[in-house]
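The values are calculated or read from the model by the stated rules, or taken from the named source; none is laboratory data. If you're wondering where the values come from, they're calculated on a predicted model, not measured in any experiment. All Cβ positions, even for glycine, are placed from backbone atoms using ideal geometry, and neighbour counts span all protein chains on display.
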Amino acid sequence: MNWLWLSTLVVILDQLTKQIAENSLLLHKPLAVLPGFNWTLMYNEGAAFSFLSQAGGWQRWFFIILSSVISIALIIWLRQLKKDQQVLSAGIAFILGGAIGNLIDRSLFGHVIDFIQIYYGELYWPAFNLADSAITLGAGLLILDIFLEHRKTTNSD
């Protein structure tokens, strides 16, 4: 099964929700949704948790090149997988879609658009977006695949 459709869906939903956030929210002004959950428009010029966000601008090109290389590697890996490797394929497809979603932001705007804010009391998790969520889900599926493969090989011995 060609899993690029899932990556494409992630990119479309990611870009759509980011545009809705851009058009509906004010920068750094939280909109309460539920206790512990806000919509909050923020821009991240760095990587995860704003790593290197204050680096002076070179990080934009570094992350564009890095994301491009990783995306190409993921496409190659995804195309080489066997049909029965569905969990691994889905995981890679989610990571690929998330990487491309954030790559589009960096390329067009010089920053990634974040808008999901989770908090507990005064403790705030850094804002994120659907691309970040897809990358996290994909990483979780890769870990699950490792356990499933280990279990399969252990049971076959």
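All conditions in (1) within 27 Å of Trp5 (Cα to Cα); (2) touching a strand residue (DSSP E or B) at 6+ places or on another chain (Cβ under 9 Å); (3) modelled with pLDDT of 95 or more hold for Tyr119, with the sole exception of (1).
Looking at Gly98, is it on the phi < 0 side of the Ramachandran plot, assigned to a helix (DSSP H, G or I) and surrounded by fewer than 22 Cβ atoms within 10 Å (Cβ to Cβ)? Write out each step before concluding.
Details: on the phi < 0 side of the Ramachandran plot: yes; assigned to a helix (DSSP H, G or I): yes; surrounded by fewer than 22 Cβ atoms within 10 Å (Cβ to Cβ): no.
In short, no.
The numbered conditions (1) under 25 Å from Ala32 (Cα atoms); (2) under 15 Å from the mean Cα position of the chain (by Cα); (3) surrounded by fewer than 22 Cβ atoms within 10 Å (Cβ to Cβ) are all true for Ala139 except (1). Flag not set for Ala134, criterion: at pLDDT 95 or above, surrounded by fewer than 22 Cβ atoms within 10 Å (Cβ to Cβ), among the aliphatic types (A, V, I, L, M) and part of a helix (DSSP H, G or I).
Checked against the criterion of being under 18 Å from Met42 (Cβ atoms) and out of contact with any helix residue (DSSP H, G or I) (no Cβ under 6 Å at 6 or more places or on another chain), the candidates Ile76, Ile118 yield just one match: Ile118. The set of residues in the range 3-38 being outside any helix (DSSP H, G or I), more than 17 Å from the chain's Cα centre (by Cα) and touching a residue at least 60 places away in the same chain (Cβ under 8 Å) consists of Leu25, Pro30, Gly36, Phe37, Asn38.
Is it true that some residue in the range 3-23 is more than 19 Å from Gly98 (Cα to Cα), crowded, with 18+ Cβ neighbours inside 10 Å, at pLDDT 95 or above and of a type outside the set (Asp, Glu)?
Residues of the range 3-23 that are more than 19 Å from Gly98 (Cα to Cα), as a first pass: 23.
The next check asks that each one be crowded, with 18+ Cβ neighbours inside 10 Å; those that pass are none.
No, because not a single residue in the range 3-23 is more than 19 Å from Gly98 (Cα to Cα), crowded, with 18+ Cβ neighbours inside 10 Å, at pLDDT 95 or above and of a type outside the set (Asp, Glu).
Can you pull out the residues in the range 104-131 that are surrounded by 12 or more Cβ atoms within 10 Å (Cβ to Cβ) and charged (D, E, K, R)?
At the first step, the residues of the range 104-131 found to be surrounded by 12 or more Cβ atoms within 10 Å (Cβ to Cβ) are 104-107, 109-119, 124-131.
Of everything in the range 104-131, those that are surrounded by 12 or more Cβ atoms within 10 Å (Cβ to Cβ) and charged (D, E, K, R) turn out to be Asp105, Arg106, Asp114.
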